Structures are given as structure tokens and as C-alpha cells.
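Novice: Got a structure for you, questions after.
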Amino acid sequence: MTLGALFSLVAILSKTNAFTQVDGGRIFARRTAARSLSDTSCSSTSDDGGIRFLGRGDDAIIRPGSVLVSPSFEFDHFLMRSAIFVYAIGEDDQQDETIIRAVVIDHPTAFDIGEMSPTVTSRLANNTLFRGGYDGSDAVMLLHSAGGMDGSVETTGSEIGCSGIYEGGISSIQKQVDAGLIDPSQCKFFFNYMEFGLKQLDDMFRTVGVPDWDSWTSIEIPPEMVLSSEYARGQLWAKLRGIIKRQSGGTGEDSD
């Protein structure tokens, strides 16, 4: 991606017309057909430091708000050493198939959002811009934790799964940030996103010949971890992998 292309980022929360988000989200496990979100409750107990495990490999449950943690043997440029936040599951209107959209949450760029988009002129201008993936037509999206019944921000939809995270509301967000009602750390900007079909995810999560702890794993984590700008490339991945390994009988953070 050239610097000129980055400076063309003026669209906030752009969505393609070919994608229709499923109302209320979608949940599925690799071995079962799509089923309703009510099959897995948001109120279930977290396992380790606010982290809720949704399974790994063949048994992984993937739903809006989940975070997919890559194994050590993943070598795709954007997927290797990455933690990926699933923010939407919907239908491709052109191909008539389910697609999953997500952003890599620990891939910071060298730029602040204010440098890249003239739309952001508030205190948010100093927030780091993250590279969410290689799909998205050079658009930027905003995720934040300032929505909900008690929130003061108008968003583009409801809470993303059980994550405590919302999408959109850039105009309202900037006003509330400058008024001191919202902290900039509650907001995170992503350039582009990742898009997966069900077959691609099925191939990714296949676990033949790999240890249980070293496979694609689906978890849910606190919103402050998703929205943090403090992690360098792959640093959150290593932290989450350490937790996954401990749950599987290993020890320590991952340094693969």
C-alpha cells in the first residue's frame, strides 16, 4: 500500500453494497449448521482474566465479537502472529453465501488517524491507525466501547456480539471526546479488514496433525484488550497464546 493510497482514506465506516449483515449476528461451529446466537449465552463465565474460550480447531464456535488467535504455523502475511476480531457475519448478495468480516487488532501502522483522514479533527486525531487486513477498498472503520443503553454515542448498530464494542458514530464520538465525556482510548481505527468464506475458515481451523494448543482458537476478550493501542505487531497474539497454552497445560507467553 503506497503512501498516496493511505492519504486517500477519507471514508469512515464504509461498507460495500454486496454485503448484508445478518440481524442479531450469526453463530456457527465448524461441525454444525448455522444456528441462532441464543445457543451460546453472553452470560457464561469467563475462564482466565475475563477471557472466554469458545473452542479450538474442529470444535471452535465463531460469532460476532469473538477473537480468532492464529497458530504458530500460519504464514499468511496478515494472519501470522495475529489476533482477529470478528465484527460482522452476513450474506454476500452477489454470491449468495455467508461471509465473515474481521480486523487484525494488533497490527499498528506508523500513522495517526488524523494524518490519514481530514474527517478526524478532534482529540481522536492522535489515535494510531491499525491495519485491519487487505480487503475493504482503502476504507477506515471505527470501533469503540461508548455505545449501548448507557452510552452517549449514536452507532451504526447494536453491540457486536457479547464484546461490549460498537461500530460507527464518528461525528458523535468526536464531540463527546472533545467534551471530555469519552476517553480516546475507548476508540480504535482500522484501515481495511479481513473477509472469509465458510470454506476458508473451515480450512484454517482444520487440526489434522497439530497439537491442540497450536491450532486456530476462538475466544472472547475484554473490550479494553481489543481497543488497546499499546500492543506492537504480534504482541497481543503472544499474550493470548500464552493464556491458551496455560489452559492446555503449558506455561508462559508465546515467543514463536
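FYI, it's all coordinate maths here, none of it is from the lab. The shown structure was predicted, so the numbers you read here are calculated from the model rather than taken from an experiment. Heads up, the Cβs are rebuilt from the backbone with ideal geometry, glycines too, and the neighbour counts pull from every protein chain shown.
Novice: Starting from the Cα gyration tensor of the stretch 162-223, take the square roots of the eigenvalues, sort them a ≥ b ≥ c, and report rounded, prolate or oblate (rounded when a/c is under 1.5, otherwise prolate if a/b is larger than b/c, else oblate).
Specialist: Details: a/c = 4.24, a/b = 2.53, b/c = 1.67.
Taking the square roots of the gyration eigenvalues as a ≥ b ≥ c, the stretch 162-223 is prolate.
Novice: I would also like to ask the following. Using only the alpha carbons of the stretch 74-193, determine the length spanned along each of the three principal axes and report them from longest to shortest in whole angstroms.
Specialist: Result for the stretch 74-193: principal-axis Cα extents of 43, 33, 25 Å.
Novice: Please order His107, His77, His144 by the number of other Cβ within 10 Å, starting at the fewest.
Specialist: Details: His107 24, His77 8, His144 27.
Result, fewest neighbours first: His77, His107, His144.
Novice: Still on this structure: Expressed in nm to one decimal, what extension gain is obtained for the pair Thr128 and Arg246 from 0.36 nm per residue of sequence separation less their Cα-Cα distance?
Specialist: Numbers: separation 118, 0.36 × 118 = 42.48 nm, distance 3.11 nm.
Once the chain is fully extended between Thr128 and Arg246, it gains 39.4 nm.
Novice: Quick query: amide H of Ile99 versus all other amide H atoms, modeled in the peptide plane; which residues come in under 5 Å with a sequence gap of 5 or more or a different chain?
Specialist: Residues meeting the criterion, in which the H sits 1.01 Å from N, are Gly90, Glu91, Asp92.
Novice: With the crude spin-label approximation of a point 7 Å out along Cα→Cβ, what separation in nm comes out for Asp96 versus Glu115?
Specialist: 4.7 nm
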